[in-house]
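Written below as structure tokens is the structure these notes are about.
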Amino acid sequence: MASSRTLGTFRLPPLPTIREIIKLFRLQAVKQLSQNFLLDLRLTDKIVRKAGNLTNAYVYEVGPGPGGITRSILNAGVAELLVVEKDSRFIPGLQMLSDAAPGKLRIVHGDVLTFKIERAFPESLKRQWEDDPPNVHIIGNLPFSVSTPLIIKWLENVSQRNGPFAYGRTRMMLTFQKEVAERLTATTGSKQRSRLSIMAQYLCDVQHILTIPGQAFVPKPEVDSGVVHFTPLTRPRIEQPFKLVEKVVQNAFQFRRKYCHRGLGMLFPEARRLESTGKLLELADVDPTLRPTQLTVSHFKSLCNVYRKMCDEDPHLFAYNFREELRQKSKKEDDKQSCRL
């Protein structure tokens, strides 16, 4: 086995540039998949440095594409790099990197949304949740089309301490469309404050650490990108089930320009909406005339705690969906209309 010194000083041998790899394997970004490539290795080195000290770390890279960030991760002296790539066109170029870094790069042709990372790394890496984060990192320049559903999935994993977080408080550094990065890190009162802000910030310390101009990518996207770093908290700021928090937050923000009582009211059946909404806001000590963007994580903590008690008192409440009630109401109206005809 190589010594830690050897691991820490590893450098890739001379290889074709990313641009040459793209030409060699005739790779083209697929617009429908919102693919964009980072070719500047100085920039990918900078992104990887922002992840912290990766010497002897185990890294899970999602969406490596032609391998720009992959190279920078390998040059950071990692113990092992696991990449998961769905697009088979990129596998030969990644295999070239694997051949140049024997025993360091493991390639999985698969989908990050379904890949079971919790069994991929040694058991010895696992840490107690209250301990320092494990020596496991997630890094990814994700296609914009999958970045939001993937971070929601991983935030749910954080809440349940499974998936990538079976090892402990695994840190993540991910690239998003700049607007999404700003939503994830938006503070109370900001125009960008959103469902994503609350869902990320109640579970993690979230930092927008770098903006990448669109011209750094090939092909150039219409928007810039933002690199966001996540460190799961030892204790979530809202100690309720993820799905319950998600439901309260989603409803609050669906009418983001109106007072918060408007969206929160949709948590309750129409017949008792006014009364139940008033009770929720009163017991949570939340001003009904605040806009959703003005609600703090503490406000949402109180709202979720009270809503949980209301659900415990009424077992059918959590399953209530106002859209389903609207559909049923509309169907009845259509049936009445048909009878008249």
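The values are calculated or read from the model by the stated rules, or taken from the named source; none is laboratory data. Computed from a predicted structure; not experimentally measured. Neighbour counts are summed over all protein chains in view; Cβ atoms, including those assigned to glycine, are modelled from backbone coordinates with ideal geometry. Quick note on the areas: whole protein, heavy atoms, side chains included, nothing else; ligands and nucleic acids left out. Shrake-Rupley method; radii C 1.70, N 1.55, O 1.52, S 1.80 Å.
Observations
- Of the listed requirements (1) closer than 18 Å to LEU244 by Cα; (2) touching a residue at least 24 places away in the same chain (Cβ under 8 Å); (3) open to solvent by less than 70 Å² (accessible area, probe 1.4 Å); (4) not hydrophobic (A, V, I, L, M, F, W, C), LYS301 misses just one: (3).
- Residue-level check: of (1) in a helix (DSSP H, G or I); (2) under 26 Å from SER225 (Cβ atoms), HIS137 misses just (1).
- Candidates are the residues of the range 208-235 that are part of a loop (DSSP other than H, G, I, E, B) and over 15 Å from ASN141 (Cα atoms); the one that is modelled with the lowest pLDDT is GLU222.
- Test: residue in the range 154-163 that is more than 30 Å from SER124 (Cα to Cα) and of a type in the set (Val, Ile, Thr): no
- The condition of being surrounded by 13 or more Cβ atoms within 10 Å (Cβ to Cβ) and free of Cβ contacts under 8 Å to residues at least 24 places away in the same chain does not hold for ILE107.
- Selection count, the range 244-277, where residues are touching a residue at least 12 places away in the same chain (Cβ under 8 Å), of a type in the set (Lys, Arg) and in a helix (DSSP H, G or I): 1
- Against the conditions (1) open to solvent by less than 20 Å² (accessible area, probe 1.4 Å); (2) in a loop (DSSP other than H, G, I, E, B); (3) at pLDDT below 95, ILE47 satisfies every one except (2).
Rundown of residues vs (1) of a type in the set (Ser, Thr, Tyr); (2) more than 17 Å from PRO149 (Cα to Cα); (3) open to solvent by 10 Å² or more (accessible area, probe 1.4 Å), yes/no style:
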| position | (1), (2), (3) |
| --- | --- |
| GLY168 | no, yes, no |
| MET173 | no, no, no |
| LYS178 | no, no, yes |
| GLU182 | no, no, yes |
| THR188 | yes, yes, yes |
| ASP205 | no, yes, yes |
